[in-house]
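Asks: One structure follows; several queries about it will come next.
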Amino acid sequence: MNRIGKTDFQKESFMSVKSRPRILFLCTGNSCRSQMAQGFARHLKSDEIEAHSAGVAPKGVDPRAIEAMAEAGVDISNQSSKSLDEISQVEFDYVVTLCDNAQRTCPSFPGKKTKVVHVGFEDPPKLAATATGEEEIMGHYRRIRDKIRAFVEQLPKPLVRAPDDPLGHKSSFQSGMKAFLDQHSSELPGKKED
């Protein structure tokens, strides 16, 4: 390969990486749901999106989240819990809040092109608080992990298409994602039959 060809390839690769939308997954502690979303996004969609995560009150990565993700073939053990201050210099295209508290307390991003959307998932540690044993606890983590994976597998399309939702959920991105999750929940591993 001649030198010009290599330079053109490097330039094309840089441009394609640069054009990926930057997505911040935000939850309260940046310990579980946002870590899972970031892990799946980097594992499954690194060629399409640039994924980050943070918390409004970070508290460290949940060991059970690490375990649940490892079972799915994704290593998040080297990820760290971050505050919004730690990533304040990054300009995001989308901020996806994954819990109600993060949605309520999500800061605005003045002067930036950032779009904030909410896609809520249940909190595995909160669900685990009422569990009777480790297997039941991990069942909650696995179920939420699989729902987050199903969401991430669709990215970035749901974010880009949110205003023109063909399913008639134009009033709310959240309702569109809820419809998607409801439609596919029976296909997710770990779903209990009623």
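Asks: Given Lys45/Lys147; Lys113/Lys147; Lys45/Lys113; Lys45/Lys126, which pairs have Cα atoms separated by over 19 Å? Let's see the in-between values first.
Replies: Values: Lys45/Lys147 16 Å; Lys113/Lys147 28 Å; Lys45/Lys113 22 Å; Lys45/Lys126 28 Å.
Pairs exceeding 19 Å: Lys113/Lys147; Lys45/Lys113; Lys45/Lys126.
Asks: Search the structure for amide H atoms under 5 Å from the amide H of Ser53, placed 1.01 Å from N in the peptide plane, and list their residues when 5 or more places away or on another chain.
Replies: Phe25
None of the figures in this text is laboratory data; all of them are computed from the coordinates on show. Note that the structure is predicted; figures quoted are calculated from it, not measured.
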